[in-house]
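Novice: What follows is a structure written as structure tokens; I'll ask about it next.
The values are calculated or read from the model by the stated rules, or taken from the named source; none is laboratory data. It should be emphasised that the depicted structure is a prediction, and the values quoted were computed from it without experimental measurement. Note: ideal-geometry Cβ built from the backbone for every residue, glycine included; neighbour counts use all protein chains shown. These accessible areas exclude ligands, DNA and RNA; they are computed on the full protein's heavy atoms, side chains included. Shrake-Rupley method; radii C 1.70, N 1.55, O 1.52, S 1.80 Å.
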Amino acid sequence: METIVGIDYGSKLAGTTVIAYYRNEMVRFLASKHQQDADKFVIDQMQLLKPDHVFLDAPLSLPGKYSDAKNYSDYFYREADKKLGAMSPMFIGGLTARAIRLRDYLESTGVKVYETYPSKEAQVIQVDLRKYKKDKKHILELSSYTSHKFDVNVNHDQMSSWHHFDAFLAYIAGLKYLNKTHQEIGDAEEGLILV
């Protein structure tokens with residue numbers, strides 16, 4: 001069976017990058033530490049986990065204007081960003097560049113990488129948005145709801161932050177992809193976001 005990993009991708013040294021993966025009948029989590037290089041952390045963990053597919057919460061392309069000036073006019077947003085109300089890849093340029101470099105490296109090793117957007121996934125699967133990313137006390141409730149909805153066991157004890165929950169939502173996007181129940185949002189030439 002094909003294996004998937006969900007990643008909530010954060011600033012390089014902030015300690016906010018979290019990986020969700022499946023081992024021993026359960027979704028588990030690995031988190032970078034403060035001042036640890038998040039990109040090296042992800043690469044090292046992917047070498048150990050050896051997933052077939054990675055679902056990454058970060059822009060993996062630029063607006064089409066930069067590759068096809070005749071057919072695109074927006075310098076800031078891709079079609080997918082507009083449809084989802086997502087941040088411009090240009091606004092978070094450093095993160096975007098790191099994510100594209102990470103994708104290129106992982107794909108050179110045979111891992112397919114897809115862009116996902118946990119905030120939209122939370123809407124699609126109908127978690128209680130009044131509680132999403134609010135008080136940490138809601139993480140258990142929302143992760144329990146999500147794990148029940150998708151019939152997966154989750155190590156709730158490891159979910160100490162909303163970054164863990166977003167990594168879990170990225171993982172859920174991967175599950176939906178494997179089950180062919182996902183949505184592809186955006187322009188395929190410019191870059192799709194899968195939820």
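Novice: Could you figure out which of (1) buried (at least 18 other Cβ atoms within 10 Å of the Cβ); (2) free of Cβ contacts under 8 Å to residues at least 60 places away in the same chain; (3) among the hydrophobic types (A, V, I, L, M, F, W, C) isn't true of A80?
Specialist: So A80 meets the others, but not (2).
Novice: Can you tell me how many residues within segment 50-74 are touching a Ser or Thr at 6+ places or on another chain (Cβ under 9 Å) and of a type in the set (S, T, Y)?
Specialist: Total satisfying the criteria: 2.
Novice: Counting just the residues of segment 113-146 that are acidic (D, E) and crowded, with 16+ Cβ neighbours inside 10 Å, which one comes out nearest to I43 (Cα to Cα)?
Specialist: Among those that are acidic (D, E) and crowded, with 16+ Cβ neighbours inside 10 Å, it is E115.
Novice: Please work out if Y171 is aromatic (F, W, Y), over 18 Å from A80 (Cα atoms) and out of contact with any Gly (no Cβ under 8 Å at 6 or more places or on another chain).
Specialist: Taking the combined requirement at face value, the residue does not satisfy it.
Novice: Given the structure, is L175 in a helix (DSSP H, G or I) and either modelled with pLDDT under 95 or within 16 Å of the chain's Cα centre (by Cα) (or both)?
Specialist: So L175 fits the description; yes.
Novice: Of all residues in segment 1-35 being among the hydroxyl-bearing types (S, T, Y) and open to solvent by less than 50 Å² (accessible area, probe 1.4 Å), which is farthest from the chain's Cα centre (by Cα)?
Specialist: Per the criteria, the residue is S32.
Novice: Next question, about the same structure. Listed residues G85, G94, G110; which is closer than 20 Å to I185 by Cα and either loosely packed, with under 13 Cβ neighbours inside 10 Å or among the basic types (K, R) (or both)?
Specialist: Within the list G85, G94, G110, the selection yields G85.
This table checks each residue for (1) touching a Gly at 6+ places or on another chain (Cβ under 9 Å); (2) under 25 Å from N179 (Cα atoms).
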position	(1), (2)
P118	yes, yes
V127	no, yes
K134	no, no
K137	no, no
Y145	no, yes
H148	no, yes
V154	no, yes
H163	yes, yes
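Novice: For segment 41-80, name all the residues that are of a type in the set (S, T, Y) and either out of contact with any strand residue (DSSP E or B) (no Cβ under 8 Å at 6 or more places or on another chain) or more than 10 Å from E190 (Cα to Cα) (or both).
Specialist: Once the filter is applied, which keeps residues that are of a type in the set (S, T, Y) and either out of contact with any strand residue (DSSP E or B) (no Cβ under 8 Å at 6 or more places or on another chain) or more than 10 Å from E190 (Cα to Cα) (or both), segment 41-80 yields Y66, S67, Y72, S73, Y75, Y77.
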